[in-house]
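Remarks on the structure that follows.
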Amino acid sequence: MTTVDHRDRAGRRALAVVAVLAVLALLLAGATAWWVLGKDDEGGGGDPLEHVEISGGRLVVDESDSEYCDDTDIYSYNDCDTDADETYTFTYEITNKGDGPANYSVIVNAFDDDGDFVGQTYVGATHLKSGRTESDKGEFSEYSTLEDDRELSDIASVKVAHAERTPLAN
């Protein structure tokens with residue numbers, strides 16, 4: 001007759017559970033490190049938000065009519081502006097910090113003096129080579145969709161909300 005020591009079997013099960021938990025902990029630690037270090041794509045240069053800078057911003061009001069403004073002519077339409085043209089302009093700079101060429105799509109949010117959301121616009125760069133920078137002016141205009149009947153004059157600041165880097169094959 002053979003006797004089975006149940007304590008040995010229980011000890012082996014406990015050791016197996018500890019080993020499985022240790023492997024899971026190591027996998028979780030590795031995944032967390034990969035996420036924290038920002039390995040978003042091979043050679044992507046980290047978080048694409050760090051590739052974009054927004055500077056300044058101001059409301060521009062243009063009240064001048066064109067040289068063709070003449071409401072006294074025989075035509076029935078009004079060729080003079082009745083309202084001033086307003087835009088909120090800002091400067092953006094996108095630097096490709098990755099290893100290869102890429103396209104960038106960037107969402108810029110506008111906020112009022114209280115920090116409340118006013119509206120959103122988009123800027124980007126196409127086929128930007130590694131290490132190169134593209135800068136341009138972005139704007140919110142009368143055609144921008146603004147929150148809750150807000151106006152361009154409500155904008156006090158702009159901030160990058162999201163940036164996406166798409167690596168190219170060449």
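Side notes on the structure shown:
- Pairs meeting the criteria (first residue in the stretch 99-126 and of a type in the set (D, E, K, R), second residue open to solvent by less than 20 Å² (accessible area, probe 1.4 Å) and assigned to a strand (DSSP E or B), beta carbons under 9 Å, at least 6 apart or on different chains) are Asp112/Val118.
- Scanning the stretch 137-153 for residues that are assigned to a helix (DSSP H, G or I) and without any contact (Cβ under 8 Å) to a residue 60 or more places away in the chain returns Glu147, Asp148, Asp149.
- Residues of the stretch 11-48 that are open to solvent by 70 Å² or more (accessible area, probe 1.4 Å) and either modelled with pLDDT of 70 or more or part of a strand (DSSP E or B) (or both): Arg12, Arg13, Leu15, Val17, Val18, Val20, Leu21, Val23, Leu24, Leu26, Leu27, Leu28.
- Counting the residues of the stretch 111-160 that are out of contact with any strand residue (DSSP E or B) (no Cβ under 7 Å at 6 or more places or on another chain), farther than 21 Å from Lys97 by Cβ and open to solvent by 70 Å² or more (accessible area, probe 1.4 Å) gives 7.
- Across the stretch 87-104, the number of residues qualifying as surrounded by 15 or more Cβ atoms within 10 Å (Cβ to Cβ) and farther than 13 Å from Glu134 by Cα comes to 6.
- Residue among Asp85, Asp99 that alone is under 30 Å from Gly46 (Cβ atoms) and modelled with pLDDT under 95: Asp99
The values are calculated or read from the model by the stated rules, or taken from the named source; none is laboratory data. On a predicted model such as this, the values are computed, not experimentally measured, just so you know. All Cβ positions, glycine included, derive from the backbone under ideal geometry; neighbour counts span all protein chains shown. Note: areas computed on protein heavy atoms with side chains; ligands, DNA, RNA excluded. Shrake-Rupley method; radii C 1.70, N 1.55, O 1.52, S 1.80 Å.
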